[in-house]
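What follows is a set of notes on a single structure, which appears directly below.
Just so it is clear, none of the values below were taken in a lab; they were calculated from the coordinates. All values reported here derive from a predicted model rather than from experimental measurement. Every residue, glycine as well, gets a Cβ built from its backbone with ideal geometry; the counts of neighbours run over all protein chains shown.
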Amino acid sequence: MSSAASTIINLPDQSTARIPKVNFLTKENGLLSWLLTGDHKRIATLYLISITFFFFIGGALAGLIRLELLTPQSDLMAADTYNKVFTMHGVIMVFFFLVPSVPATIGNFLIPLMVGAKDLALPKINLLSWYLYVVAGLMAIYTMASGGVDTGWTFTTPLSTHYLNTNVISTGLAIFVAGFSSIFTGLNFIVTIHKMRCPGMTWFRLPLFVWSNYAASILMVLGTPVLAITLVLVVLERTVHIGVFDPANGGDPLLFQHLFWFYSHPAVYIMILPGMGVISEVVSTFSRKRVFGYTAVAFSSVAIAVFGFFVWAHHMFIMGISNYAALVFSLLTMLVAVPSAIKIFNWAFTLYKGSITFETPMLYAFGFMGLFTIGGMTGVFLGATGTDIHLTETYFIVAHFHFVMVGGMLMAFLAGIHFWWPKWTGRMYPEKISQLAAVVTFIGFNLTFFPQFILGTLGMPRRYAAYPPEFQVLNVFSTAGASILGVGYLLPILYLTWSLKYGEIAGDNPWQATGLEWQIQSPPLTENFATIPIMDHEAYDYDWLERQHEKEVASVG
Amino acid sequence: MSDSTTTAHGALAESHHEHPPYQRHHFESVEQQFDTTNFAMWLFLLTEVMFFGGLFTAYLILRNWYYPAFVAGSHQLNIGWGTANTAVLITSSFTMAMAVWNAEMKRKGGLVLCLVLTFILGLGFLGIKTIEYHEKWEKHHIPGIRYSVKSFVNPASDPDIAQYGDKPLAPDMAAKTELYFFLYFAMTGMHALHMIIGIAILGYMIYRARNDAYTTGHVTFVENFGLYWHFVDIIWIFLFPLLYLISRHQ
Amino acid sequence: MSEPNEHEHHIVSPMVYLTIVGALLVGTAVTVWASFIDMGPWNPVVALAIAVVKATLVVLFFMHVKYSTKLTKLTVISGIFVFLGLISMTLADYISRAWGRW
Amino acid sequence: MSHISPVLWQFLVKWLTNFSLFPPEASKIAPEMDALYFFMALVSLVGLTLVILLILGFSLLYSKKRHPVATQIEGSTLLEATWTIIPLGLFLIMFVWGALLYFRIYTPPANAMNIYVVGKQWMWKAEHPGGQHEINSLHVPTGRAVQLTLISQDVFHSFSIPAFRVKREAIPGRYTSVWFEATTPGTYHLFCTQYCGTNHSQMIGQIVVMTPDDFKQWQAGSTSGNSLAQNGERLFASLSCNACHNSRPDARGPNLVGVYGSKLTLSTGQTVNVDDGYLRNAILNPTQNITQGYAPIMPTYQGQISEEGVFALVEYIKNLQSDYRIQQTLNTTELLPEGEGKAAPAGKTTAAQGEVKQ
């Protein structure tokens, strides 16, 4: 093969290869076998379908936002419609896409495989968590269908409690339910990682994907309930017209901010940490090298989780928290930025003296590293108290978190989906077009969101349906970029669906990766491993993989 | 492996020779199953701690701001009922602990007895709570729905608090008692909700225990439910002094 | 400290439970009694201290943490840590606001 | 700027501003904010370039074609330490620098001119001490420190002037403040940046920076005749505050002369600094703010005075240097008929002066 030098893809002979007859997809048939399944891989599939659905709803809303902002006047839709659109975009993308995206789909699929277990520790709870997600999603759709909500995804009191008459209660309850879905997922992961590891699987032999999901799960389990109670208090306050957040009756709206951000800041790490895990796996596999500084990367995840709890008030620097508190929270914010920098450099140095190939997941991973660097550094702009004053609540912050969430998390999600697609479905996606999609996404993304940094610096406030005309040029760039980005996201859904039937047979280990999940058939058996594996080597041990191959060749010969 | 023709069940049977019927297939051993669910229960309790954490934070801040209103509001609570309820709940925790012990010792009769006692004590707690809530309704102390500051601006009109000799609160401070009662109902209400859920599960457990479900060595469910029940007890241990016992002297 | 074996299930004797429930009831009585004594700013401190002791007894004995694995202990401690983090860091903002400007 | 050559700085900022890529610098703090901003931008750029160079360089050097077999490397403590300590050091510099800036922006100098601003859905109302009243615009002179005391009468708003690089939330129930010193005359954007409901994007206005002379002229041309303190005085009299707060020996309330800026011991034993925020609290939530030695008899004025009225009272109390004025109000109260007092909250009569922007 001429391309052998530039790729590590190693597929079985297509003329003889078959998808294994017995696998988790085919074991049982019928809708009921899916709806009542306890199999983590099937639940992950259910999750994948449902979050994709919500991603495209959220994406459509994003498209509407960008269209409206094409012109300075609010001409495509009225201001209140625009407010509802960006609120629903935020709610859906944050709670129904980003939070469950990597953990509930890829994490759900992989964590038992990676730790060498037959399933997550609590399969029924896992299924329950999907049902909670669906119920919450239906409530969110009901909210949209019955008039929407226009609080912004941050539910600032007293606006949300006393000044709006849209569907705040149903949205609040939807997020409450979605929160429990996420708690149960996180709880399941922690328990599985602690208690279900196969013999020989010590903590420092775990793939880094497991570490980062572990860290994110801690945040889910301990952070989400605070959001839940906060939303309960908001709903109560709306119902009985008195509550602890209402300044007119002696309550304190800043208390709402404290409680809300106590979850919603760690939520950012819930979203990004699992993505970082994906990047570790991908970068290692496509450079044929152990992740540089494994321990440092593992501990940086945990450090992010621990520090991540105590930085929330940096969302409130200009709201009148005490100067002293601002100082402490700003300092802690600077500290939490360091582990992210550590990770970036470790990934970069994983490439050093590797043997690098550039398949689609790796392209997405490169995109992640560049965009996340920008997103992370601009986070420091906002974490420093002084510059925060000028930049917060403008498009700068919008650009910042889209760089982290879309440029970071979504890139990682796509990297992960492409990377594990052959394991999941047993088939390869078309490589060339997917590489094209990765590049299109990268270009579209930068064109969409980079101008927003400049807009923010100029002072354009976020959540404006209409804006002063001098900001139009940059907004046009942004909208143009958004349309390219839209194409970049539509392509994968097309060719991935296509590949379900027509893709090449992937075989067990098309990437020559070392993880336990790659040593079994694709798609895996319902119980994952015919016999529980015994882990006798480090994670990312490519020499071990080499020896395995030699053994196989020897035994066949 | 990809050419494996063994059915899933075949592979399964190979790895588990024999195991008790309550062991779920993906666990290697009963011990692992017990450890796992036990740990999961603890994690769930952590989320509960944080859930109440938000309420406690709100409570502490407002109590510091509106201390006189919180004192006056607290005096409205019946300390007798409150203490009785604390005793009831602690006793129920004890009977629950004994239930776990009975399950471990495989004594079916003792287990059912203890569970029934716990069930009754839990209902007793809720009964007392209902009496207290009803009292609040009668006295117009339901925030937002049925509220009057009469007892606070004119304490002489309220014989229940005569013993404390409260001075009248100024109207602006008296209005803040509504926040106290909001927190009172939010916190005790949330606690009561946990009790109701617990009692429902207890009912199910009594039914199962009578069918020998927990006295054959499989104590996990009883044990984990015990953790939940004790946790609810702990919340009350904090709610009681925080809500009932603010400055009872004077 | 001797670490109990992970798979050895410790069974607490009913006498221990009985002692604990006695202590808890006494604690309840003490806390009610203490609330009627004027101790100035110490009243809430005493009330909370008693509550903490009671809660600790429940956690250690009724919930078997004293006989549990390190993992369970660590779980309890981390929960308390984050709980206190939420409360103390929020309160820190409120308290330091009164210190005025820099 | 002292950090880099002023010529270069001017060139950079002017150039960027001309291309609408950077907001104009119209306040004293703006160049300092920008210095930190560009420092951060520079660090980010260096960092990003480094990451890109590493990725590109390694990709070229160690692609599978050139380097078919990977060399396994465990890691390097030295390198880990390097990329822990250097970012940490840089972040700490940014933290300290940022904090210094933060404290400057949020700590108004003592001699600042105080303008009161009320945010409501969806407009900004400004009250000048001279009695000038504006809606959705703010006139300020150059070369003079201006402090804004902000409050919202409904939801969270945020008062943002990008050209000055300052922003502060106006929140209900509490005063916040921010200050700036304008340097360049002109008209600049005023935005509400905290999402506040349907017409959030219409809650905009303009900041008109004038030379001191022009500003004096504007002041003279826009005043309603009464200063804010005078409005406060009328309100003080009409609400009968003077019935208790006077200097008579049998007065039931504390004397307010010179109380502003003093340290006060409350009946709870707490000591508080009497500032604008305290005065507002004492008017609206008197029971929590009883001066030691006085009975808690003051009624609350919550719901009876508008935020502008409270501003007028605060301004009046601030300026009380002798009790002569209070004595005067006692006389006027006796002359006023009962009902009239209520109808004269400050600001109501002067609304016409505000320059309403569409």
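Using θ = phi - 60° and the Karplus curve 6.51 cos²θ - 1.76 cosθ + 1.60, what whole-Hz ³J(HN,Hα) does each residue of region A:15-21 get, with Gly and Pro shown as x?
For region A:15-21, the Karplus curve yields 6, 10, 5, 9, 5, x, 4 Hz.
Using Cα pairs under 8 angstrom and six or more residues apart, how large is the relative contact order of chain D, in percent?
Rounded, it is 17 percent for chain D.
Could you put B:Phe152, A:Phe401 in order, starting from the residue whose Cβ has the fewest other Cβ atoms within 10 Å?
Arranged by neighbour count, lowest to highest, B:Phe152, A:Phe401 become A:Phe401, B:Phe152.
What number, rounded to the nearest 500 deg cm²/dmol, is the helix-based mean residue ellipticity at 222 nm of chain B, given -39500 (n - 2.57) per DSSP H run of at least four residues and division by all its residues?
-24000 deg cm²/dmol
Among the aspartates and glutamates, which fall within straight-line cross-link reach of B:Lys136, defined as a Cα-Cα distance under 14 Å, with same-chain neighbours fewer than 8 residues apart omitted?
Filter leaves B:Asp158, B:Asp160, B:Glu178.
Can you tell me which aspartates and glutamates have their Cα less than 15 Å from the Cα of C:Lys73? Leave out same-chain residues fewer than eight positions away.
B:Asp35, C:Glu3, C:Glu6
Per residue of A:142-152, what is the mean number of Cβ atoms on other protein chains within 10 angstrom of that residue's Cβ?
1
Considering every residue in D:21-29, what mean count of other chain Cβ atoms within 10 Å of its Cβ is obtained?
2
For B:Lys129, go through the lysines and keep the ones whose alpha-carbon is under 29 Å away, minus same-chain ones fewer than eight residues off.
B:Lys139, B:Lys150, B:Lys167, B:Lys176, C:Lys54
Just to confirm a number: summing +1 for Lys and Arg and -1 for Asp and Glu over residues other than A:Asp119 whose beta-carbon lies under 11 angstrom from that of A:Asp119, what do you get?
+3
Show that you can apply the helix-only estimate: for chain D, add -39,500 (n - 2.57) for every DSSP H stretch of four or more residues, divide by all residues, and state [θ] at 222 nm to the nearest 500.
About -12000 deg cm²/dmol.
Can you give me the Cα centroid spacing of region A:75-140 and region A:35-66 in angstrom?
The distance from the Cα centre of region A:75-140 to that of region A:35-66 comes to 7 Å.
Restricting to lysine pairs 8 or more places apart or on different chains, what number in chain A have Cα atoms under 25 Å apart?
29
Take each of the peptides B:91-102, D:221-232, average the number of other beta-carbon atoms within 10 Å over its residues, and list them starting from the highest.
The most tightly packed comes first, giving B:91-102, D:221-232.
When you count, for each residue, the other Cβ atoms within 10 Å and take the mean per peptide, how do D:87-93, A:178-184, A:303-309 rank with the highest first?
A:178-184, A:303-309, D:87-93
Assign one of three labels to region C:11-66, namely rounded, prolate or oblate, based on the Cα gyration tensor with a ≥ b ≥ c the square roots of its eigenvalues; rounded applies when a/c is under 1.5, prolate when it is not and a/b is larger than b/c, and oblate otherwise.
oblate
Other chains near A:471-477: what is the mean number of their Cβ atoms within 10 Å of each residue's Cβ?
Rounded to a whole number, the mean comes out at 1.
Checking the a/c ratio against 1.5 first, then a/b against b/c, what shape does the Cα gyration tensor give for region D:123-273?
prolate
Using Cβ contacts closer than 10 Å as the measure, can you line up A:Lys84, D:Lys65 from fewest to most?
With the sparsest Cβ surroundings first, the list reads D:Lys65, A:Lys84.
Assign one of three labels to the protein assembly as shown, namely rounded, prolate or oblate, based on the Cα gyration tensor with a ≥ b ≥ c the square roots of its eigenvalues; rounded applies when a/c is under 1.5, prolate when it is not and a/b is larger than b/c, and oblate otherwise.
oblate
Just rank D:Cys192, B:Cys114, A:Cys198, fewest to most, by other beta-carbon atoms within 10 angstrom.
A:Cys198, B:Cys114, D:Cys192
Between region D:46-92 and region B:174-225, how far is it from one alpha carbon centroid to the other, in angstrom?
54 Å
Collect residues whose amide H, placed 1.01 Å from N in the peptide plane, falls under 5 Å from the amide H of D:His139; neighbours closer than 5 in sequence don't count.
Amide H neighbours of D:His139: D:Val208.
Restricting to lysine pairs 8 or more places apart or on different chains, what number in chain D have Cα atoms under 15 Å apart?
For chain D, qualifying lysine pairs total 4.
Report relative contact order for chain A in percent, whole number only (criteria: Cα-Cα under 8 Å, sequence separation at least 6).
Relative contact order for chain A comes out at 20 percent.
Express as a percent, rounded to the nearest 5, the fraction of DSSP beta bridges in chain D (both residues included) that run antiparallel.
Among the beta bridges of chain D, antiparallel pairing accounts for roughly 70 percent.
Can you pull a Stokes-Einstein diffusion coefficient for region B:49-244 at 10 °C (1.306 mPa s), Rh from Kirkwood over Cα pairs, as a whole number of µm²/s?
Here the translational diffusion coefficient equals 88 µm²/s.
Let me have the 222 nm mean residue ellipticity of chain A computed from DSSP H runs of 4+ only, each contributing -39500 (n - 2.57), with the sum over all residues rounded to the nearest 500.
So the calculated ellipticity at 222 nm is -21500 deg cm²/dmol.
Given bins 10 angstrom wide, list per bin the percent of all Cα-Cα distances in region A:230-336, short to long.
For region A:230-336, the pair-distance distribution reads 13, 31, 26, 17, 9, 3, 0.
Go through region A:328-334 residue by residue and turn each phi into a ³J(HN,Hα) via Karplus (6.51, -1.76, 1.60, θ = phi - 60°); whole Hz please, and just put x for glycine and proline.
5, 5, 5, 4, 5, 4, 5
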